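Where a number appears in this text, it was derived from the coordinates with a stated rule and is not lab data. Quantities reported herein were computed from a predicted structural model and do not represent experimental measurements. Cβ coordinates were reconstructed from backbone atoms using ideal geometry, including for glycine residues, and neighbour counts include every protein chain displayed.
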Amino acid sequence: MPSRWWSPSLRSTGSCFCSEVRRTQQLEELNREWESERCLRYRRAVALTLQTGGDLEPLEGPGRIGDFWDKLGSLVRAGHAGRGQITAQWADIILIYWTMLEPMTRSMRIAHGQPAEWEHFEWLANRMRRDGRDHVWALTPLSPERIDTWIAILDRSIAVEESLRSLPAAT
């Protein structure tokens, strides 16, 4: 007689639970990457460039940021990350970065002959835009004051990362 612990319904429940754990782990990993010192510095370089009215294309940061959002978009698109969870956590920031990087993306697609460059990022931004929420703040062009505030926040976050690096290792 088969054990009731291995019934098909319990196996599917276990499978769903494991999938949900994997999704949560992926999102935690992505969040760590987004908040890493390296990514904070990329984001700061973008903000400083916008503050001075400079060109984003020669910087490494926008490419890394676009790659990050493209990776997240591909996970959502493939069903490996829940769109509701992403919308709740990152919708506005996705829209801010897409609005910022869209002109560069369009010119890169033409210049490099790669029409699919950051297609998942674009797809994700379009889904966030249509999620039924009010994204006026995210879609409003960045004013100098907003950029200054953004830089100050990034500077504080980078300072925290630097201070953590200088702490003695636990023994």
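Would you call THR24 more than 26 Å from ARG146 (Cβ to Cβ) and among the hydroxyl-bearing types (Ser, Thr, Tyr)? It is true that THR24 is more than 26 Å from ARG146 (Cβ to Cβ) and among the hydroxyl-bearing types (Ser, Thr, Tyr).
Restricted to the range 56-171, the set of helices (runs of 4 or more DSSP H) holding at least 1 residues that are within 23 Å of GLU20 (Cβ to Cβ) and touching a residue at least 24 places away in the same chain (Cβ under 8 Å) comprises 61-77, 83-112, 119-129.
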